[in-house]
Amino acid sequence: VTAASSVVRVGVIGAGHWGPNLIRNFLAGPRSRVVAVAERDERRLAQVLVRYPAVAGHMEADELLARDDLDAVVIAAPTATHHRFAKAALERGLHVLVEKPLARSSTEAEELGRLAAEKGVVLLVGHVFLFNEGIRAVKRCIASGVLGRVQVLQSVRTNLGPIRTDVSALWDLAAHDVSIFQYWLGSLPLRATGKGGVYVNPGIEDVIFATLEYPGGVLANLHATWLSPHKLRQITVVGDRKMLVFDDMDLAHPLRIYDKGVLASTPADGEDPVDIVDSFAGFRSSIREGSVATPPIVTGEPLRAECDHFLDCILDGTRPLSGAAEGTTVVRVLEAIERSLRAGAAEQEVR
Ligand SMILES: NC(=O)c1ccc[n+]([C@@H]2O[C@H](COP(=O)([O-])OP(=O)(O)OC[C@H]3O[C@@H](n4cnc5c(N)ncnc54)[C@H](O)[C@@H]3O)[C@@H](O)[C@H]2O)c1
């Protein structure tokens, strides 16, 4: 980035479903400019160029990567291409924002991390939920102790489509949940199990059920599929004091905090003693049903916040929230689930 201009010149690879959102955001602010877009599909490329006539178009990513007027490359092409395009851009000393998941293997992901460090450039992975205000508010709730000790996480991510043919629902959808769990808990799971179902395209799981065991006995479960009639994006967090549900489809109240729980048999200070549960009445009385709070969440476009963060990292030296390290650990967890899928759902160490 030239100090005189402080405008980051961006090239975007891939203008399919997601790429145009990145193009729009990097054209929106004064700190960046989209210089060129590479898209193999002629019709899609034409749509972009009609809307943004000042942008140069290429049919191939390699043509864009060969330009000498870029400071940064944004990769929104299929997952299988992430490593190759990111590596080429990093080798040229360009900053990279690569869509999730960072790569198809932890070996590839690590190589990208090393290269970015060597070249002293920014490598940000598009784990967009880390830029979602609701997800951030949940992290604050967990950190402040409002929920008490976190015991269980449960995520449901379903929709009908978009059906991918290059990667399974694990690498496409569950990547989001794994990045969110990691962001909230600040740790890597020790073990993973997974079961998948293949119904549409041979060899590509459309449905994933996975369980992750985090340090401290925190159990996380995720269900991710593109084969379901309803679009659900819901994550439940159970703590030993309170519980919450994050619902990304609920625009008005994405976060609900339930003052509910099970009363301990050893009463805390000021709490009434509870007898051992030996009857239905006893069971009922051991459940605490309190109020539900719906804290206000200022909702902006998470992708805008992600793009702004990428520019902060380049221009101000801000540390990436989802850099190579975070992106690589997400890949490690996906690999462990994948190994479990291939091993008849046998438990796998995350390594
Ligand atoms: N963060 C999110 O919420 C989110 C949402 C959707 C997609 N994504 C990610 O974005 C990436 C793209 O997803 P999508 O849904 O836009 O897929 P897509 O298939 O709709 O678009 C990818 C585009 O890349 C183009 N392309 C492939 N190889 C190319 C090459 N060599 N040169 C130029 N263009 C090339 C294809 O023609 C296609 O149009 C994936 O990695 C996906 O995981 C992220």
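The values are calculated or read from the model by the stated rules, or taken from the named source; none is laboratory data. Note that the coordinates shown come from a computational prediction; the quantities given were computed from them, not determined experimentally. With ideal geometry, Cβ positions are generated from the backbone for all residues, glycine too; neighbour counts draw on all protein chains shown.
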Quick one: in region 64-83, of everything that is hydrophobic (A, V, I, L, M, F, W, C) and touching a residue at least 60 places away in the same chain (Cβ under 8 Å), which residue is farthest from residue 331 (Cα to Cα)?
70
Please verify whether residue 212 is out of contact with any Ser or Thr (no Cβ under 7 Å at 6 or more places or on another chain) and within 19 Å of residue 138 (Cβ to Cβ), treating the condition exactly as stated.
yes
Whichever residue in region 26-48 is assigned to a helix (DSSP H, G or I) and charged (D, E, K, R) and, among such residues, is nearest to the ligand (Cβ to nearest atom)
44
Mind telling me which of the residues 110, 91 ends up being surrounded by fewer than 17 Cβ atoms within 10 Å (Cβ to Cβ) and either at negative phi or not hydroxyl-bearing (Ser, Thr, Tyr) (or both)?
91
Out of all the residues in region 118-154, which are part of a strand (DSSP E or B) and of a type in the set (Val, Ile, Thr)?
125, 150, 152
Candidates 252, 224 - the one that is under 17 Å from the mean Cα position of the chain (by Cα) and not aromatic (Phe, Trp, Tyr):
224
Which ones in region 135-149 are surrounded by 21 or more Cβ atoms within 10 Å (Cβ to Cβ) and more than 10 Å from residue 184 (Cα to Cα)?
147
Answer from 109, 80 - the residue that is small (Gly, Ala, Ser) and in contact with a Ser or Thr (Cβ under 7 Å, 6 or more places away or on another chain)
109
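Yes or no: region 103-122 includes at least one residue that is near the ligand (Cβ under 10 Å from one of its atoms) and under 22 Å from residue 8 (Cβ atoms).
Within region 103-122, none of the residues are near the ligand (Cβ under 10 Å from one of its atoms) and under 22 Å from residue 8 (Cβ atoms).
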The condition from (1) within 21 Å of residue 338 (Cα to Cα); (2) touching a Phe, Trp or Tyr at 6+ places or on another chain (Cβ under 9 Å); (3) surrounded by 20 or more Cβ atoms within 10 Å (Cβ to Cβ); (4) of a type in the set (A, V, I, L, M, F, W, C) that residue 192 misses is numbered (2)
Those residues that are within 9 Å of the ligand (Cβ to nearest atom) and not in a strand (DSSP E or B), I need them from region 64-79; list them, please.
64, 76, 77, 78, 79
Looking across region 49-63 at residues that are in a helix (DSSP H, G or I) and out of contact with any helix residue (DSSP H, G or I) (no Cβ under 9 Å at 6 or more places or on another chain), the single one that is nearest to the ligand (Cβ to nearest atom) is 63
Residue match in region 4-15 (condition: over 29 Å from residue 165 (Cβ atoms), of a type in the set (S, T, N, Q) and in a loop (DSSP other than H, G, I, E, B))
yes
Matching residues in region 10-48 - criterion: being out of contact with any helix residue (DSSP H, G or I) (no Cβ under 7 Å at 6 or more places or on another chain), surrounded by 20 or more Cβ atoms within 10 Å (Cβ to Cβ) and more than 12 Å from residue 76 (Cβ to Cβ):
35
Flag for residue 184 being more than 21 Å from residue 99 (Cβ to Cβ), at pLDDT 95 or above and under 12 Å from the mean Cα position of the chain (by Cα)
yes
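To keep it simple, each residue is scored yes or no on (1) surrounded by fewer than 20 Cβ atoms within 10 Å (Cβ to Cβ); (2) in contact (Cβ under 8 Å) with a residue 12 or more places away in the chain; (3) over 20 Å from the mean Cα position of the chain (by Cα).
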| position | (1), (2), (3) |
| --- | --- |
| 151 | yes, yes, yes |
| 154 | yes, yes, no |
| 164 | yes, yes, no |
| 173 | no, yes, no |
| 176 | no, yes, no |
| 212 | no, yes, no |
| 246 | no, yes, no |
| 256 | yes, yes, yes |
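The rows are residues; the columns are (1) away from the ligand (no atom under 16 Å from the Cβ); (2) at positive phi; (3) assigned to a strand (DSSP E or B); (4) in contact with an Asp or Glu (Cβ under 6 Å, 6 or more places away or on another chain).
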residue	(1), (2), (3), (4)
162	no, no, no, no
166	no, no, no, no
173	no, no, no, no
179	no, no, no, no
182	no, no, no, no
188	yes, no, no, no
203	yes, yes, no, no
216	yes, yes, no, no
223	yes, no, yes, no
(1) closer than 22 Å to residue 106 by Cα; (2) not in a strand (DSSP E or B): which one isn't true of residue 212, the others all being true?
(2)
